[in-house]
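Only one structure is covered here, and it is reproduced in the block below.
The values are calculated or read from the model by the stated rules, or taken from the named source; none is laboratory data. Small disclaimer: the values here were computed from a predicted structure and weren't measured. Ideal geometry is used to build each Cβ from the backbone, glycine not excepted, and the neighbour counts take in all protein chains shown. With ligands, DNA and RNA removed, areas are computed over all heavy atoms of the protein, side chains included. Shrake-Rupley method; radii C 1.70, N 1.55, O 1.52, S 1.80 Å.
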Amino acid sequence: MKIGIMGGTFDPIHMGHLLAAEAARDSHALDEIWFMPSHVPPHKPSAGATGKQRLEMTEAAVKQAPQYEVLGIEMELGGVSYTIDTMRELWSRFPEHEFYFIIGADMVNYLPKWEEIEELASKMTFIGVGRPGFQLHLDDLPDALQGRVLLAEMPLVDISSTAIRRRLASGHSVRFMIPDAVHQYIVRSGLYGTKP
Ligand code: ATP
């Protein structure tokens, strides 16, 4: 099967993440999307929810969506979540699958800095989606990445988890920016400065 992996902090998951995954699935005929919340991401400190909460919010977001799964593998592996370590585990657990890693334009530009990017790029394909405020410069990517980053068209969504956290903390609405089930989870748990 062709599996699209959507990695991230998901603190919390929002419509930008979901639309990016769906655009990649639709454009490249992916059979399934696996959302994979990181344990400790390499490039940023934890901003709010625990790993377990981020996993549960992600599960709540895709519960009703056929073809969507949530993978707790980076929580299982623990430590700092480097994609190369996770992918080595997935390649060995699922040798029959072909993996596509979905990333926003901000991450595409950052790809050359990823650990063991040459091995990653030789064994899987990246799918980049647009994100407001970030230009995609595919021609500037190093040789190892040339032809290894496909694109998927999506309606640009100017939402970030940071903006969601700020809006919640200051009492502003996030309705329709995140799934209702995720909003309910956040309020129920008193996350990001909300009052349960
Ligand atoms: P934060 O604001 O906390 O930095 P974020 O909104 O960027 O978080 P992440 O969980 O870090 O979310 O992102 C995971 C993946 O989703 C990354 O590849 C990122 O580029 C992509 N992504 C996040 N938001 C969008 C968006 N609005 N449009 C397209 N891609 C997005």
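Averaging sequence separations of C-alpha pairs under 8 Å and six or more residues apart, then dividing by the length of the stretch 1-137, give the relative contact order as a whole percent. Taking the mean separation of contacting Cα pairs over the length of the stretch 1-137, I get 29 percent. Bridgeable lysines around K113 (alpha carbons under 29 Å apart, same-chain partners fewer than 8 residues away excluded): K2, K44, K52, K123.
Computed over the alpha-carbon atoms, the stretch 142-184 gives an Rg to Rh ratio of 1.23, Rh here being the Kirkwood radius from the mean inverse distance. Of the accessible area of the chain, computed with a 1.4 Å probe over protein heavy atoms only, carbon and sulfur atoms account for 50 percent.
If R0 is 30 Å, the Cβ-Cβ spacing of R88 and F176 corresponds to a FRET efficiency of close to 0.20.
If you take the alpha carbon atoms of the stretch 1-133 and fit the smallest convex hull around them, that volume is 107 Å³ per residue. The calculated P(r) of the stretch 1-71, using every Cα pair and 5 Å bins from 0, goes 3, 17, 29, 24, 15, 8, 3 in percent. Working note: Karplus 6.51/-1.76/1.60 with θ = phi - 60° gives the stretch 171-177 the couplings x, 8, 6, 10, 4, 6, 9 Hz, where Gly and Pro are set to x.
Think of a 1.4 Å ball rolled over the protein heavy atoms: the stretch 2-157 then has 47 Å² of accessible area per residue. Given S92, I5, M124, which one lies farthest toward the positive end of the charge dipole of the chain, if we put +1 on the Cβ of every Lys and Arg and -1 on the Cβ of every Asp and Glu? With unit charges placed on the Cβ atoms, the residue in question is I5.
Taking 14 Å as the straight-line reach from the Cα of K63, the aspartates and glutamates in range (excluding those fewer than 8 positions away in the same chain) are E32, D180. Debye-formula intensities of the stretch 46-194, expressed as log10 I(q)/I(0) at q = 0.10, 0.11, 0.20, 0.21 Å⁻¹, are -0.44, -0.53, -1.42, -1.44 (one equal scatterer per alpha-carbon, no solvent).
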